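Beneath this line is the structure, given in structure tokens, with notes to follow.
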Amino acid sequence: MSSLQINHLLGLQHVSHEDITLILDSTDTFLEILERPIKKVPTLQGKTVVNLFFENSTRTRISFELAERRLSADVVNFSASTSSVSKGETLLDTALNIEAMKVDIVVMRHSAAGAGHFLSTRCTSRFINAGDGAHEHPTQALLDMCTLRQKHGTLDGLNVCIMGDIAHSRVARSNIYGLLTMGANVAVCGPSSMMPYELERLRVRIFTNVEEALQFSDAVNVLRIQLERDAGANFPTLREYHNSFGITRQRLDRLGRDITVLHPGPINRGVEIESEVADGAYSVILPQVTNGVAIRMAVLYLIGTKAE
Amino acid sequence: MTSILFKNARIVDPVTQTDTEQDLLIVDGTIERLGPGLSSPDAEEVNLRGKTIVPGLCDMHVHFREPGFEHKEDIRSGSAAAAAGGFTAVACMPNTHPTIDTAAVVSFIFQKAQGLPVDVYPIAAITKDRKGESLAPLLELREAGAVGFSDDGSPLFNTKVLRIALEYASMLDVPIIQHAEDPNLFTGGAMNESIVSTELGLPSIPRLSEDAVVSRDIMFTAYVNGRYHLAHMSTSGAADAVRDAKARGLRVTAEITPHHFTLTDEAVRSFDSNFKMNPPLRTADDVRAMKEALRDGIADAIATDHAPHATFEKEVEFVYAPFGIIGLETAVGLAVTELLQENWLTLPQLIEKLSTNPRRILGLPELRIEEGMKANLTLLDLEAQWTVDVHRFKSKSRNSPFHGMTLTGKPVGIYNNGQLVLAD
């Protein structure tokens, strides 16, 4: 199998079509392993992976940890809900100390955009970004693309709309970059107050009307509304959001054709997505979760075994 | 009696409109003689062929961190950086600990700077502890020697306090120096709001935040006939507002930093916190507007906003890094490279921005290179090419985005307060 051009997976903005294709193709192998009675291969035996999580996360951390263990890597978890600054030790010191214990791969989630980029220029480990602020969440976008490819066969020419708070979403950014590289037509839909400045300068269509967005779309990726942060700040009420932008069975049925509904989770039932949609035939939410483990196995394998 | 004879220098003085090659004899700190072919048997001779003597440069916006944050910089190290950068005078901002908001702290600054070749002039806070709530004792601070008032680092936002400050300071003919930013629009922003912040997902500071406050401040300045100086102007919108104010004859002045006429927010893509300052690096359109503002006289001064931070403080996640970069030791190189060589300014115009105008805004004595005047001089090599190396800086801090950059134009030394300081 060929090898990646990148040494770290910090984001998808600068990852080539070839690299994304390689990751997606490799994922198929690992999906097959996940169907076996014994879901473990010796691929990363002897390698040490540290999961450095500076922000709360359950599903992404579990997904990474399962992927690491199924590749037979030695796994260490480091969780700190507070930022490195408030702990008194700088992020760089934390990373250098952990690295001094001889680790091979660092999987990091951090609330600050660019945190992984910063460390990768000063450390020797391989870095995989598990989400950095509102910047990127590359493995999430890769698993979304993997899921879309499974259902639609190709990403080339596929019409995909990302719905919700685009301004604060790392999932949105990684999906936009990855999908554009893979030849998809990308749109976003949400309240104008949740669109980042000058977004129109990316090759992205912008909808503020959900019906028009659905008309455009072969697939919609519905982002989680941050209940605690957004209501009252970025739009008036959750009720208004649901009525104007929520993905409902009625809105989808009215299309009279198939459409794929993704959601990176965790879902707020009855806010950005109706329960009937989340649990219904349009939804690929649970396959996304399964693909997430396989994608992370593929990324860990390709990054972890790449020659210096 | 000590004397120094500068031989064969090009002497450029925008005030006396001089640009000739001459010798200059200094005796006991005073310009004794000026003319061709001078000789003085007792004098130490310095051959300055190919070099230029200009009136001592003045940086009206530095942070020397003393008292309170001496691990970043102190008055002695900051002055050494100023001298190395060709400055004979600086005005230091009051965001120290304690704040420069009492006569005692003003006196402390003068005391610490006594005997140095660089004159250090304190700018005092407008409001107590720079909180923007109640006025500091401006008359007392002026009496103690403060040359201007500013809450720099924070905006003076409350309009009632702004009005009173402009009115009260107008008794003193000292400017209110504004850090123009709307705190309601500040939501932890770390860079300019643009396509770049959108792509990077970094929290941002809109240009609107500066534009709106400058426009508002100019209305207040007009209404109370105050004196207003805009610190670190960075947006084309602010430049338009100042242009309009000047056309109306208002007492409004502005300064621009070298980084705001040199760099754009594209640099932030590196996530290198040496590109993080406030106001943030703006767009290419703004950089061009800053150069036009300098050319057109809309911006009166070039000031560095020299803001030292220890490496361990800057070497963190971009959003957590403190704002600010050091600038004293790169200002001349950037000004010559970006403004003189690209013909935005003539040399006399450049010296006006770096010496005459900032001194005038702060009410400091006018410098003239004339016989009988105090010798307060900067020596420049306008042709020298050099590569910025932060490890050679005199500043205690290393937070410069210009490390490794090749510049044209280098300070050779300064002469002030009877002391000659030559660059390494």
Q.
Against the condition closer than 30 Å to A:Pro42 by Cβ, in contact (Cβ under 8 Å) with a residue 60 or more places away in the chain and more than 14 Å from every other protein chain (Cβ to nearest Cβ), how does A:Val284 come out, does it pass?
A. no
Q: State which residue pairs qualify: first residue in contact (Cβ under 8 Å) with a residue 40 or more places away in the chain and inside region B:110-123, second residue of a type in the set (D, E, K, R) and part of a helix (DSSP H, G or I) in any location, beta carbons under 8 Å apart, and separation of 6 or more residues or different chains.
A: B:Lys112/B:Arg76; B:Leu116/B:Arg76; B:Val120/B:Lys112
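For every residue, the table says whether it meets (1) hydrophobic (A, V, I, L, M, F, W, C); (2) in contact with a His (Cβ under 9 Å, 6 or more places away or on another chain).
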{"site": "A:Thr139", "(1), (2)": "no, no"}
{"site": "A:Thr147", "(1), (2)": "no, no"}
{"site": "A:Gly153", "(1), (2)": "no, no"}
{"site": "A:Cys161", "(1), (2)": "yes, no"}
{"site": "A:Arg170", "(1), (2)": "no, yes"}
{"site": "A:Ile176", "(1), (2)": "yes, no"}
{"site": "A:Val186", "(1), (2)": "yes, no"}
{"site": "A:Ser193", "(1), (2)": "no, no"}
Q) Does region B:285-292 include one or more residues that are without any contact (Cβ under 8 Å) to a residue 40 or more places away in the chain and closer than 27 Å to B:Arg163 by Cβ? A) no
Q) Going through region B:178-198 one residue at a time, which ones are closer than 24 Å to B:Asn158 by Cα, surrounded by fewer than 22 Cβ atoms within 10 Å (Cβ to Cβ) and aliphatic (A, V, I, L, M)? A) B:Leu185
(Q) Looking at B:Ala212, B:Ala245, B:Ala231, B:Ala241 in this structure, which one is free of Cβ contacts under 8 Å to residues at least 60 places away in the same chain, away from every other protein chain (no Cβ under 14 Å) and touching a strand residue (DSSP E or B) at 6+ places or on another chain (Cβ under 6 Å)? (A) B:Ala245
Q) Does any residue of region A:137-148 turn out to be open to solvent by less than 20 Å² (accessible area, probe 1.4 Å), within 11 Å of chain B (Cβ to nearest Cβ) and within 25 Å of A:Tyr301 (Cβ to Cβ)? A) yes
Q.
Given (1) of a type outside the set (Phe, Trp, Tyr); (2) on the phi < 0 side of the Ramachandran plot; (3) within 14 Å of another protein chain (Cβ to nearest Cβ), identify the lone condition not met by A:Asn97.
A. (3)
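Any idea which of A:Thr60, A:Thr27, A:Thr43 is under 20 Å from A:Arg126 (Cβ atoms) and in a loop (DSSP other than H, G, I, E, B)?
The unique qualifying residue is A:Thr43.
Residues checked against (1) among the basic types (Lys, Arg); (2) under 29 Å from the mean Cα position of the chain (by Cα); (3) open to solvent by less than 20 Å² (accessible area, probe 1.4 Å):
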{"position": "B:Arg33", "(1), (2), (3)": "yes, no, no"}
{"position": "B:Leu38", "(1), (2), (3)": "no, no, yes"}
{"position": "B:Pro41", "(1), (2), (3)": "no, no, no"}
{"position": "B:Arg49", "(1), (2), (3)": "yes, yes, no"}
{"position": "B:Val62", "(1), (2), (3)": "no, yes, yes"}
{"position": "B:His71", "(1), (2), (3)": "no, yes, no"}
{"position": "B:Gly78", "(1), (2), (3)": "no, yes, yes"}
{"position": "B:Ala81", "(1), (2), (3)": "no, yes, yes"}
{"position": "B:Thr88", "(1), (2), (3)": "no, yes, yes"}
Q) With B:Ala245, B:Ala284, B:Ala238 as the choices, which residue is open to solvent by 10 Å² or more (accessible area, probe 1.4 Å) and among the hydrophobic types (A, V, I, L, M, F, W, C)? A) B:Ala284
Q) Got a sec? Which helices (runs of 4 or more DSSP H) wholly within region A:191-268 have at least 2 residues that are under 26 Å from B:Ile195 (Cα atoms), at pLDDT 95 or above and open to solvent by 70 Å² or more (accessible area, probe 1.4 Å)? A) none
Q.
Please go through region A:100-131 and give me each residue that is at the interface with chain B (Cβ under 8 Å from one of its Cβ atoms) and open to solvent by less than 20 Å² (accessible area, probe 1.4 Å), ordered by number.
A. A:His110, A:Ala112, A:Ala113, A:Gly114, A:Ala115, A:Phe118
Q: Would you mind stating whether B:Thr102 is in contact (Cβ under 8 Å) with a residue 12 or more places away in the chain, surrounded by 20 or more Cβ atoms within 10 Å (Cβ to Cβ) and either farther than 28 Å from B:Asn357 by Cβ or hydroxyl-bearing (Ser, Thr, Tyr) (or both)?
A: no
Q: Within region B:307-324, track down each residue that is among the aliphatic types (A, V, I, L, M) and either in a helix (DSSP H, G or I) or at the interface with another protein chain (Cβ under 9 Å from one of its Cβ atoms) (or both).
A: B:Val316, B:Val319
Q) (1) within 18 Å of the chain's Cα centre (by Cα); (2) under 28 Å from A:Asp93 (Cα atoms): which one isn't true of A:Leu44, the others all being true? A) (1)
(Q) Return the residues of region B:368-406 that are within 25 Å of B:Pro308 (Cα to Cα), of a type in the set (S, T, N, Q) and open to solvent by less than 60 Å² (accessible area, probe 1.4 Å); say none if nothing qualifies. (A) B:Thr378, B:Ser395, B:Ser397, B:Asn399, B:Ser400
Q. What is the one condition in (1) in a helix (DSSP H, G or I); (2) more than 14 Å from chain B (Cβ to nearest Cβ); (3) open to solvent by 10 Å² or more (accessible area, probe 1.4 Å); (4) out of contact with any Ser or Thr (no Cβ under 8 Å at 6 or more places or on another chain) that A:Lys151 does not satisfy?
A. (4)
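The values are calculated or read from the model by the stated rules, or taken from the named source; none is laboratory data. Please read these numbers as outputs of a predicted model, since none were measured by experiment. Heads up, the Cβs are rebuilt from the backbone with ideal geometry, glycines too, and the neighbour counts pull from every protein chain shown. When the accessible area is computed, the model is the full protein with side chains, heavy atoms only, and any ligands, DNA or RNA have been set aside. Shrake-Rupley method; radii C 1.70, N 1.55, O 1.52, S 1.80 Å.
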